[in-house]
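Bear in mind these aren't lab numbers, they're just calculated from the coordinates by the rules spelled out. Fair warning: this is a prediction, and the values are worked out from it, not measured in the lab. Note: ideal-geometry Cβ built from the backbone for every residue, glycine included; neighbour counts use all protein chains shown.
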Amino acid sequence: MRRDACGDGECEVSGAYGRSRSSKLLKGLIGAVLVAATAAVVSRGCDGVFNGFARSRPVNVNKASLRELDRLPSVSPRVAEAIIEARPYTNVSELIRVHGIGPKTLERIRPYVTVD
């Protein structure tokens, strides 16, 4: 390692390839943020497995909060609002009338919802 010239009282220590510690620190920080973001996406899951929430108890779409509905796979906050606005439902199949829920999304969320 070599020490660069100090112009304003601050010095940067460079490594063998001329990379400064601050550059390495920034790369490490960016890496940590990417890992955390990836973990957040994976924890929600793409196959309907998300934090074990709906597996333990189905969400009643007639009573669920916006937050509960938003946690369902493939349900965005906008779709969750549309679900709430189209209440009441007499069966789960009626969710197909909600803008943003098509046949594939309905089948994806069916195991996690109820209309009790």
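Per residue, the convex hull spanned by the Cα atoms of region 53-114 amounts to 69 cubic angstrom.
For the pair residue 57 and residue 91, what calculated FRET efficiency results from E = 1/(1 + (r/R0)^6), where r is the Cβ-Cβ distance and R0 = 22 Å, to the nearest 0.05? The calculated FRET efficiency here is 0.75.
Per-residue extension of 0.36 nm, minus the Cα-Cα distance of residue 27 and residue 65, leaves a gain of 9.7 nm for this segment. Ranked by the mean number of other Cβ atoms within 10 Å per residue, highest first, peptides 95-108, 71-84 order as 71-84, 95-108. What is the sum of charges around residue 102, taking Lys and Arg as +1, Asp and Glu as -1, for the other residues whose C-beta is under 13 Å from the C-beta of residue 102? Overall, the nearby charge balance is +3.
Among residues other than residue 60 with Cβ under 11 Å from its Cβ, the summed charge is +1 (Lys and Arg +1, Asp and Glu -1).
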